[in-house]
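One structure is given below, encoded as structure tokens.
Just so you know, all these numbers are worked out from the coordinates, no wet-lab data involved. This structure is a prediction, so every number in the text was calculated from the model and none was measured. For neighbour counting, all protein chains shown are included, and Cβ atoms are generated from backbone atoms with ideal geometry for every residue, glycine included.
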Amino acid sequence: MDERNTGSETMGDTASHDEATANPTPLPPKRKRHWGLILIGVFVVLPILVFVLWTAAALNWSYSVGQRAGFVQKFSEKGWLCKTWEGELAMANPLPGAMPEKFAFTVRDDSVAHQIERLMGSRVAITYEEHRGVPSRCFGETDYYVTAVRPTT
């Protein structure tokens, strides 16, 4: 059938019909993906986030808790950027003439470090926590972090 004006339509109806078919509503423009930002997020931000979360988890949950007794043989603050207190505890061996076993430890708390310095040369008992999987040696050279010290006889 022919699409001519048959008279049943008014002039206003055909004009609006022609405008609607001539100018359809424009589609929204396609969103551009920002590949540079996505790549930065995947290769820079995501690894940093994983490192921070792993470090926080490793430092807050301890693998084991224990105590050792002996004489603090060596104790010093070490590190270029991240300063930690590192020490060695010589554990007394009950057999005469036997070499004492050494226990290397790290102290992160300055108040505990000052207590150890004050008690150096006397027999002490240290309480420690073992934190395995700490991703950097910036937090200490050993896995054993001393949390308390007390003198013993």
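Each residue, residue 81 and residue 122, gets one label point 7 Å from its Cα in the Cβ direction; the gap between the two is 3.9 nm. Potential lengthening of the chain between residue 52 and residue 110 amounts to 18.6 nm, from the contour at 0.36 nm per residue minus the alpha-carbon distance.
Assuming 0.36 nm per residue, please report the length gained on full extension of the stretch residue 64 to residue 92 beyond their Cα-Cα distance.
7.9 nm
Between beta-carbons, use under 13 Å as the cut-off and find the net charge around residue 130, counting Lys and Arg +1, Asp and Glu -1.
With Lys, Arg at +1 and Asp, Glu at -1, the neighbours total 0.
The lysines within cross-link reach of residue 83, meaning a Cα-to-Cα straight distance under 17 Å and a gap of 8 or more places when in the same chain, are 74.
Kindly provide the chymotrypsin sites (Phe, Trp or Tyr not before Pro) of the range 73-153 that DSSP labels as loop, not H, G, I, E or B, and whose Cβ sees at most 11 other Cβ atoms within 10 Å.
Values: sites: 75, 80, 85, 103, 105, 128, 139, 144, 145; in loops: 80.
Loop-located and lightly packed - 80.
Net length available on complete extension from residue 99 to residue 153 is 17.4 nm, with 0.36 nm assigned per residue and the Cα-Cα distance removed.
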